[in-house]
There are 2 protein chains.
Amino acid sequence: MREVSIIGAYETVHGNHSKRMLRDLVSEAGNGVIQDSGIDRKEIQAVFVGNYAGQEFNNQNTMGSYVATVLGLGDRPAMKLEGACASGGLAFKAGFDAIASGAYDTVLVFGVEKMNTKDPTTTMEIVSRGQDSEFEGGFCVSGPSGFALNAIRHMHEFGTTREMLGVVAEKNYFHGSKNPFAHKQKVIPLKNILNARIVTTPFGFHDMSLVTDAATAVILTTREKAKSISKKPILVKGTGQGGDYFTLSMKRDSVSFPATEKAAFQAFKMAGVDRKDIDVLECHDCFTITEIINLEDLGFVEKGKGGGFTLDGHSRLGGKLPVNTSGGLKAKGHPIGATGVGQVVEMVYQLRETSGERQVKNARTALTHVLGGPGAVCVVNILQRDFE
Amino acid sequence: MREVSIIGAYETVHGNHSKRMLRDLVSEAGNGVIQDSGIDRKEIQAVFVGNYAGQEFNNQNTMGSYVATVLGLGDRPAMKLEGACASGGLAFKAGFDAIASGAYDTVLVFGVEKMNTKDPTTTMEIVSRGQDSEFEGGFCVSGPSGFALNAIRHMHEFGTTREMLGVVAEKNYFHGSKNPFAHKQKVIPLKNILNARIVTTPFGFHDMSLVTDAATAVILTTREKAKSISKKPILVKGTGQGGDYFTLSMKRDSVSFPATEKAAFQAFKMAGVDRKDIDVLECHDCFTITEIINLEDLGFVEKGKGGGFTLDGHSRLGGKLPVNTSGGLKAKGHPIGATGVGQVVEMVYQLRETSGERQVKNARTALTHVLGGPGAVCVVNILQRDFE
């Protein structure tokens, strides 16, 4: 299996882009990543696109061919991959595999979601189709109410508090305030977060991620080629994909996501690094509780200790393991199919040391984690700077 | 790269299954293919699902995790692949690549579409999202009107006639009449086909494929493992994927699909066989003209000669190259995301010589071809019996 590196990374500013055409977002990110990589677009051999619901948000399905065509790559093999909120992660993994196996030398991995096109109720309906509609849709199970069950159980079993949840949001807003690409670039005091109106117990308004539009992109190539053409190549040291049951009643428990455990196990095994080697990470904070559970499932803290770790400031910029320096899904935003690729973009910026005010000093090794549906799909990547 | 074989194949009867739950169709095909393969489901390591628009037809997105969960495989990595009418082909290719690269030893490749859930106008709207909605949706470009442009130009340049188009339909209805899995199992005389009401010039009602519900599945494993557990393993000798521009105005011409040429070139190169070695094939007859163009693009006849080849009966059962013995998209039906996998199922049955009345004698080598969107996505597979 060949080694794979990242030679280009780009993301549009995350936000409400309802006044821009879908094409325009795609074009900006696609042309941006090609320029960033320094290669000519004719070197791109295939296009892998993560998108969740373009057919409902934008009347546009078949987003693989669409993106390729908009970028002048329409004659290349292209495909869309979908796995709810992990769609971008699946596209990255597919692109990685295609190079590792020798099928292609250089590929474009793309994520896009333009969600601010419907009324909020319709948007929530569309999002809830990433769960088991037949068995659970009729019982009002959706992202918020489903993950709320995890939060309530985690609070019950481990003494996790509303304050701990709030600190996840407060920290990620703080990080987002330093990220010019974030949807919300404003510090919000913990008090306001804790006093916000409750949406679904125990989640208040600020415990939830944003409805965000963005396009995100990276270019992957062989490590060998990356070394020859890039000044700051980033090596994909390890990658893993895990799955878990889609239907809530079939879950092992309510305080962990086994898909994360499996993806992390694979990624760390492939990378040959330890948890302590990770300098910075982006993980899937679709709700505040999710970030806490992720840190446990990824193996950075013991089960049940994620809340305390957060409360103690360890996951904050300047802490021992900065988490979601981009602002995460909470503040950078959650353009569903684009999120998994956008996390990689943020980590590339950190490893290149171009993250400005939110730079983690001497970041050498980074991790990304994205989770789709009711914890059903997970992709974990471990990235490392491959230059001095 | 490891060699890959098919050890299991199953498809539900194609038709209008609006009275069955989506789960029920999925369960039938999934459990059917596992039984056919003779393996235990615990040996399946990953699930690749082709589906076009479950989120609109069935309120169910994230079909990879859904299918895996319904089949008791929820803890395996799963993903949905989408490329319009070629979605099932992309799932097959992804499953093949995963085994060839060594990532997995045994995988389930699944296709599903349950389309008969909306009124016909809404169904057509959903289907038309597999084209460039921003640029062309407003001009009433859809499958029928888009492919009609190909037909008109092909008639103009090469003298292809309405009768030649009609013979494609008449032949495929005839084949479908011998297939107990087909949506339409009835012979329709050429005269009726030619006199049917015009839908969009030059297509009459019978020039178009059906709105069909079905689930289709195959199990892939290494050639080595297949030899040890299967009495009738089918080797995947070659596979290829081609892409082409999504937007009609960017096409090279209107009488060919370059995505097919590229996919066929790759598949034949990998397989190391000639056109004359192919004993039987399934190709994408979404409209009658498409089958004619496909035979040309695949290299079986010269450009412009596909209509005459059909009129002369060469592609009929008993002819020198039987095409769409299943009845094709015309008579077996076109459950969009399931079609690419269903074609493989039909060819497995032919190579195993279990096709009953529609059996092609001594079928040794077969080909499948599926085309998505406005000729934008193509997957070609070459299959060969690997037993005596």
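Note on A:LEU190 and B:CYS140: the model spin-label points, each 7 Å out from Cα along the C-beta direction, lie 6.4 nm apart. Mean separation of Cα pairs under 8 Å and 6+ residues apart, divided by the residue count of segment B:178-335: what relative contact order is that in percent? Relative contact order for segment B:178-335 comes out at 30 percent.
Close amide H contacts of B:VAL377 (hydrogens built in the peptide plane, cut-off under 5 Å, sequence separation of 5 or more or a different chain): B:ASP244, B:GLY372.
Take A:ASN192, move 7 Å from Cα toward the beta carbon, and the resulting point lies 7.1 nm from the same point in each other copy, nearest first. Using bins of 10 Å that start at zero, the share of Cα-Cα pairs per bin across segment B:1-112 amounts to 15, 49, 31, 5, 0, in whole %. I'd like to know which of B:PHE135, B:GLY337, B:HIS183 lies farthest towards the positive end of the charge dipole of chain B, counting +1 on Cβ of Lys and Arg and -1 on Cβ of Asp and Glu. The one lying farthest along the dipole's positive direction is B:HIS183. Between amide H atoms placed 1.01 Å from N, distances below 5 Å from B:LEU383 occur with B:LYS237, B:ALA366, B:LEU367, B:THR368, all of them 5 or more places distant or on a separate chain.
Largest GNM mean-square fluctuation across A:ASN172, A:ASN324, A:ASN195, computed for chain A with C-alpha springs under 10 Å, falls on A:ASN195.
Rounded to the nearest 20, the size of the Cβ-charge dipole of the protein assembly as shown about its Cα centre is 360 debye, with Lys and Arg at +1 and Asp and Glu at -1. Of the residues B:VAL379, B:THR365, B:PHE309, the one whose Cα sits farthest towards the positive end of the charge dipole of segment B:299-388 is B:PHE309 (charges of +1 on Lys and Arg Cβ, -1 on Asp and Glu Cβ, taken about the Cα centre). Can you list the distances in nanometres, one decimal and ascending, from the B:GLY318 label point to the identical position in each other copy, with the point 7 Å along Cα to Cβ? Between copies, matching label points for B:GLY318 lie 8.6 nm apart. Rounded to the nearest 20 debye, the dipole size of segment B:190-349 about its Cα centre is 400 debye, using +1 on the Cβ of Lys and Arg and -1 on the Cβ of Asp and Glu. Treating r as the C-beta distance of B:THR354 and B:ASP24 and R0 as 22 Å, the FRET efficiency rounds to 0.35. The sum of -39500 (n - 2.57) across all DSSP H runs of n ≥ 4, divided by the residue count of chain B, sets its helix-only mean residue ellipticity at 222 nm to -11500 deg cm²/dmol. Of all DSSP-defined beta bridges confined to the protein assembly as shown, some 75% are antiparallel rather than parallel. Using the alpha-carbon positions of chain B, Rg (one decimal) and Dmax (whole number) come out as 19.0, 56 Å.
Taking amide H atoms as placed 1.01 Å from N in the peptide plane, the amide H of A:TYR52 lies under 5 Å from those of A:GLY337, each 5 or more residues away in sequence or on another chain. Model label sites at A:GLU163 and A:LYS276, defined 7 Å from Cα along the beta-carbon direction, differ in position by 3.1 nm. Rounded to the nearest 10 degrees, the inclination of helix B:288-297 to the longest alpha-carbon principal axis of chain B is 70 degrees. Taking A:ALA46, A:ALA169, A:ALA91 in turn, the Gaussian network model of chain A (Cα-Cα springs below 10 Å) assigns the largest fluctuation to A:ALA46. Looking at segment B:265-388, the DSSP beta bridges with both ends there are about 65 percent antiparallel. When +1 charges are put on Lys and Arg Cβ atoms and -1 charges on Asp and Glu Cβ atoms, the dipole computed for chain B relative to its Cα centre reaches about 720 debye.
Projected onto its three principal axes, the C-alpha set of segment B:300-388 covers 39, 32, 23 Å, listed from the longest axis down. How would segment B:128-272 be classified by its alpha-carbon gyration tensor: rounded, prolate or oblate, with rounded meaning a/c under 1.5 and the a/b versus b/c comparison settling the rest? Cα axes put segment B:128-272 in the oblate bin.
Shape verdict for the protein assembly as shown, please, from the Cα gyration tensor: rounded (a/c under 1.5), prolate (a/b greater than b/c) or oblate.
Prolate, since a/c reaches 1.5 and a/b exceeds b/c.
Do the alpha carbons of any pairs in A:LYS80/B:LYS80; A:LYS19/A:LYS42; A:LYS19/A:LYS118; B:LYS276/B:LYS330; A:LYS303/B:LYS80; B:LYS19/B:LYS118 sit beyond 20 Å of each other, and which pairs? Where the Cα-Cα span goes over 20 Å, the pairs concerned are A:LYS19/A:LYS42; B:LYS276/B:LYS330; A:LYS303/B:LYS80. Mean separation of Cα pairs under 8 Å and 6 or more residues apart, divided by the residue count, gives chain A a relative contact order of 26 percent. The residue list A:ASN16, A:HIS206, A:SER355 was ranked by how far each Cα lies along the charge dipole of chain A toward its positive end, using unit charges on Cβ atoms, and A:SER355 comes out on top. Comparing Cα centroids, segment A:50-103 and segment A:253-292 end up 24 angstrom apart.
Here the Karplus relation 6.51 cos²θ - 1.76 cosθ + 1.60, evaluated at θ = phi - 60°, turns the backbone of segment A:309-314 into coupling constants of 4, 5, 4, 6, x, 5 Hz, with x for every Gly and Pro. Looking at chain B as a GNM with Cα springs under 10 Å, which of B:LYS19, B:LYS330, B:LYS191 has the largest mean-square fluctuation? Looking only at B:LYS19, B:LYS330, B:LYS191, the largest GNM fluctuation is found for B:LYS19. Rounded if a/c is under 1.5, else prolate if a/b beats b/c, else oblate: with a ≥ b ≥ c from the C-alpha gyration tensor eigenvalues square-rooted, which is segment A:244-330? Note, shape of segment A:244-330 comes out oblate.
Phi angles of segment A:185-201 translate, via the Karplus equation with coefficients 6.51, -1.76, 1.60 and θ = phi - 60°, into HN-Hα couplings of 10, 9, 5, 10, x, 3, 4, 5, 4, 6, 8, 5, 4, 6, 9, 8, 3 Hz per residue; Gly and Pro are given as x. Restricting attention to chain B, close to 70% of DSSP beta bridges with both partner residues there are antiparallel. Note: relative contact order over segment B:248-388, using C-alpha pairs below 8 Å and six or more positions apart, is 30 percent. Working note: Karplus 6.51/-1.76/1.60 with θ = phi - 60° gives segment B:344-358 the couplings 5, 4, 4, 6, 4, 4, 5, 6, 7, 6, 10, 8, x, 4, 9 Hz, where Gly and Pro are set to x.
Every read-out reported here was derived from the displayed coordinates using simple, explicitly stated rules and does not represent laboratory data. Predicted, not measured: the structure shown is a model, and the values here were computed from it. Every residue, glycine as well, gets a Cβ built from its backbone with ideal geometry; the counts of neighbours run over all protein chains shown.
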